[in-house]
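Below: one structure, written as structure tokens.
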Amino acid sequence: MTNFYDFTLKELEDFLKEHGKQRFRAEQLFRWVYQKGVTNFDDMSNLAKDFREEMKSLIKFELPKVTQQLDSVDGTRKFLMAVEGSKEIESVLIPNGDRLTLCVSSEVGCAMGCRFCFTSKMGLMRRLSAYEIVGQFLNAAASLKDGRRITNIVFMGMGEPLDNVQNVFRAIEIIHDQRGIGFAKRKITVSTSGLAPQIKHVAESGVRLAISLNATTNEIRDNVMPINRKYPLEVLLKACKEYAEETKEMITFEYVLLKGINDSKDDAHRIVRLTKGIPSKINLIPFNEHPDSGFKRPPSREVADFQKVLMNLGKHVLVRKTMGRDIFAACGQLRSAMENHPKQMAIN
């Protein structure tokens, strides 16, 4: 049987046609499932009984199972979800005023090897299917009460999204389709550690782009982000300029501040030079601790000083508020529930 949540609308139309059914039935099914939340064919009243009976033997409705939900003192919510192969992934709901952002995973583990990231210690176990990505959205949305809705989606969870291009962008198409969930593409951001040739897919999809910059020289970036050895800064930034020229969209450059590594005033000046000519904003992310990381988080005063230098040089720069540190749900802390993986920590 084929999983319904793995179909784009076009794929479902083709599937039904192969089985001798009218294409318009696909839109009816999308509306029943994604708009009305109905997954029992017997309850789909505008479909012929014979059609419903046949579909029962062809299509299943299967989502990743939520195995644990952890709520932070700051309102952040982390989900552990079981996926095929006896693996687990993590997704995070992050509140911020009127915004409620879902951070989704694209892989079990990650192959990029960024030294400051807890997920990287797992290595890449496998890439997620489209239904496992869509399922993160549906499970998180189902947990909400009192009319709250997810307002933004960021592909910044476990894994490198552009290392799983086919399934990530199929999932985005499913989530965006107006006959189903109807989530606006301008509210979706795909982040990459630096797979420069794949950035074209972000432009083609119509979603927004974030770049994990995290260093201002190839020497330092080679050390903390091995992907830079294949696609050095000059190659990555050229792809960013091409994205900006094609889409007319602003790029977010994420910059994890590592004490004594990339947080000098010279680094701040180099950020400005590197991003010159690229419509962009800078998100500063003070490093979030995790076991055996080998890195330190700069004091808040030094983070503020770094931000001030950038602002004085004319950059649009924000310090990302750290959310969910006590449940290891902050940026760079995600990892599946493996042996010795901590669930919570005390924070000041």
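The values are calculated or read from the model by the stated rules, or taken from the named source; none is laboratory data. As the structure is a prediction and not an experimental result, all values here were calculated from the model. All Cβ positions, glycine included, derive from the backbone under ideal geometry; neighbour counts span all protein chains shown. Quick note on the areas: whole protein, heavy atoms, side chains included, nothing else; ligands and nucleic acids left out. Shrake-Rupley method; radii C 1.70, N 1.55, O 1.52, S 1.80 Å.
Dimensions of the range 1-88 along principal axes (Cα, Å, largest first)?
52, 28, 22
Counting other C-beta atoms within 10 Å, and keeping those with at most 15, which DSSP coil trypsin sites (Lys or Arg not before Pro) do you find in the range 154-231?
Here the trypsin sites (Lys or Arg not before Pro) that fit, given the DSSP loop and packing criteria, are ARG179, LYS230.
Taking each pair of different alpha-carbon atoms in the chain once, compute 1/r for the pair, average those values, and report the inverse of that mean as the Kirkwood hydrodynamic radius in Å to one decimal.
Values: mean 1/r = 0.0471 Å⁻¹.
Hydrodynamic radius (Kirkwood, Cα only) of the chain equals 21.2 Å.
May I ask for the equivalent-ellipsoid semi-axes of the range 132-240, computed as the square root of five times each C-alpha gyration tensor eigenvalue and listed largest first in whole Å? Intermediate values should be presented prior to the final figure.
Details: eigenvalues 180, 42, 25 Å².
Those come to 30, 14, 11 Å.
Please build a GNM for the chain, connecting alpha carbons under 10 Å apart, and tell me which residue among ARG270, ARG126, ARG301 fluctuates the most.
ARG301
Calculate how many DSSP beta bridges within the chain are antiparallel, expressed in % of all such bridges and rounded to the nearest 5. Before the final figure, lay out the partial values.
Numbers: 21 of 46 bridges.
Expressed as a percentage, antiparallel bridges in the chain total about 45.
Counting helices only, and only those DSSP H runs with n ≥ 4, report the 222 nm mean residue ellipticity of the chain as the sum of -39,500 (n - 2.57) divided by its residues, in deg cm²/dmol to the nearest 500.
Working: 10 runs with 102 residues, N = 348.
Estimated from H runs of four or more residues: -8500 deg cm²/dmol.
I'd like the Karplus ³J(HN,Hα) series for the range 217-229: coefficients 6.51, -1.76, 1.60, θ = phi - 60°, whole numbers in Hz, and an x wherever there's a Gly or Pro.
Listing the rounded values in order: 10, 5, 4, 6, 5, 4, 6, 8, 9, x, 4, 5, 5 Hz.
Any idea what the relative contact order of the range 181-321 is, in percent, if you count C-alpha pairs under 8 Å spaced at least 6 apart?
Values: 217 pairs, mean separation 30.1, N = 141.
That works out to 21 percent.
For the range 1-122, give the percent of accessible area contributed by carbon and sulfur heavy atoms, probe 1.4 Å, rounded to a whole number.
Summing carbon and sulfur atoms, their accessible area is 44 percent of the total for the range 1-122.
May I ask you to give the average projected area over all directions of the convex hull of the Cα atoms of the range 223-330, in nm² rounded to one decimal? Mind dumping the intermediate values first?
Details: hull surface 30.5 nm².
Average projection, Cα convex hull of the range 223-330: 7.6 nm².
In terms of solvent-accessible area of protein heavy atoms at a 1.4 angstrom probe, what is the ranking of ILE211, ILE261, highest value first?
Numbers: ILE211 0, ILE261 65 Å².
Descending accessible area places them as ILE261, ILE211.
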